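Okay, so here's the structure we're looking at.
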Number of protein chains: 2
Amino acid sequence: MGAVKTKRMPRAVREQQMLDAAVRTFGQRGYRAASMDEIAELAGVSKPLVYLYLNSKEDLFTACIRREATALVAAVQAGVRTDLPADRQLWDGLRAFFAHTAQHPDAWSVLHLQARTHGEVFAAEVTAMRDEIVTFVTQLIAAAAREAHRNPHLPEREVAGLAEALVGAAESLAAWANATEGVTARQAATTLMNFAWSGLGDLMAGRRWSPPGEEPLTRPAG
Amino acid sequence: MGAVKTKRMPRAVREQQMLDAAVRTFGQRGYRAASMDEIAELAGVSKPLVYLYLNSKEDLFTACIRREATALVAAVQAGVRTDLPADRQLWDGLRAFFAHTAQHPDAWSVLHLQARTHGEVFAAEVTAMRDEIVTFVTQLIAAAAREAHRNPHLPEREVAGLAEALVGAAESLAAWANATEGVTARQAATTLMNFAWSGLGDLMAGRRWSPPGEEPLTRPAG
């Protein structure tokens, strides 16, 4: 292993290669089963160099979570143009989300499954990213409510609840799509858009569902 | 501690008391921080008796997950009458779900947060419960599609995707509702019903959302 040459490449490039190898290994093997030997070999570097650069398995895993969380949030935000109508923004955002999770299944496994399963410190890293996405979706739904023809009087709290529901649905569907043979990113985005937008669209148009035989429910979470 | 009397009460009753204390402690303190001393004290028994009955902290936690998962699935199933129309079944199921998670916030914290965060063995216990609920919701959506006036031709795979989306939305919303002051179970159920049913209702009526300027998307996940 001492024979591995590491001088030629800048540290930043080497680190990204180590992270690439780590995300793949953590995503496919799971955090516990993944070994630093395997990660070093896949990255084409010596194990001491991985420890020198990333310090420990815990720190390497945290670096993976941060890099992949940042990349996912950036991909969703880059997919959306805030000058377009709200349903178009949601559709573009969902396509960007499902395209990214489908193209980077190991990264999604690290974020959605591994990071949540191996202790509170890692889980907190993912929670920070999730909060950012919930805030983004909350603003999108609030903007949609403002631009609706009929003022739907959606209380702030209900908008927050809808954003939580939408993000939870997207997370669940991405995990399912990646685990199910033959489901494309576009199909997953379409399923969720049909589910979410028609429902949100009805709300924006002032049409609420109400239980059979009961008065229409007004301002349910105000 | 040797002075605690344990003879009078049958083992099954004692065990339930220990589990009550454990769910409360794990739910409020988190799995790592929860101590067996605290659980024993809250249950009004000696620590050796907890170990005698439940063996270890890991086994005690597993017993909590199993008991609470079974109770949650039973509550949802008991809330639904399968002879009623599909939207009524969904509404009843959602009300039962949010009522149960609101009334048992520590149990929901154990299932949704703690069990997923502290290793694959515990996470697998919760996955088994989740699969049961997804199957239940899948059957409900499939039944709704069958009873819709216009045959909506929902492919089996899209029904599965919708069920995943709905369960993910409910999980996310329950965690948010329990963490947000003043959100009632009925409000959470209403928010999700408005979100989910109007969307599903449009699908059942053959109305699909389609991107602006594109052909309506047909059979997106067939």
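Quick notes on this one:
- Protein-only accessible surface at a 1.4 angstrom probe places the residues A:H118, B:H104, A:H112 in the order B:H104, A:H112, A:H118, largest first.
- Based on C-alpha pairs under 8 angstrom that are at least 6 apart in sequence, region A:42-158 has a relative contact order of 26 percent.
- At an R0 of 22 angstrom, the distance between the Cβ atoms of A:L52 and A:A12 translates into a FRET efficiency of 0.95.
- Cα centroid separation, region A:5-58 to region B:81-160 (Å): 40
- Backbone phi angles across region B:79-94, fed through the Karplus curve with coefficients 6.51, -1.76 and 1.60 (θ = phi - 60°), yield HN-Hα couplings of x, 10, 9, 6, 8, 8, x, 4, 5, 5, 4, 5, 4, 5, x, 5 Hz in residue order; Gly and Pro are listed as x.
- Förster radius 45 Å - calculated FRET efficiency between B:E147 and B:A179 (Cβ-Cβ, nearest 0.05): 0.80
- When A:T70, B:T184, B:T117 are compared by accessible surface with a 1.4 Å probe, the order from highest to lowest is A:T70, B:T184, B:T117.
- Rounded to the nearest whole Hz, the Karplus-based 3J(HN,Hα) values (6.51 cos²θ - 1.76 cosθ + 1.60, θ = phi - 60°) of region B:172-189 follow the sequence 5, 5, 5, 5, 5, 4, 5, 8, 10, 3, x, 8, 8, 4, 5, 5, 4, 5, with x at glycine and proline.
- With each label modelled as a point 7 angstrom along the Cα→C-beta vector, the B:D83-B:Q103 pair spans 2.4 nm.
- Residue-level accessible surface for A:Y51, protein heavy atoms, 1.4 Å, Å²: 90
- Rounded to whole numbers, the Karplus 3J(HN,Hα) couplings from phi for region A:47-56 are 4, x, 5, 4, 5, 4, 7, 10, 6, 7 Hz, using 6.51 cos²θ - 1.76 cosθ + 1.60 with θ = phi - 60°, and x at Gly and Pro.
- Accessible surface buried by the A/B pair amounts to about 4500 Å², both sides summed, 1.4 Å probe.
- Cα gyration tensor, region A:86-170 - rounded (a/c under 1.5), prolate or oblate: oblate
The values are calculated or read from the model by the stated rules, or taken from the named source; none is laboratory data. None of these values were measured; they are calculated from a predicted model. Every residue, glycine as well, gets a Cβ built from its backbone with ideal geometry; the counts of neighbours run over all protein chains shown. We work out accessible area using only protein heavy atoms, side chains counted, and drop any ligands, DNA or RNA first. Shrake-Rupley method; radii C 1.70, N 1.55, O 1.52, S 1.80 Å.
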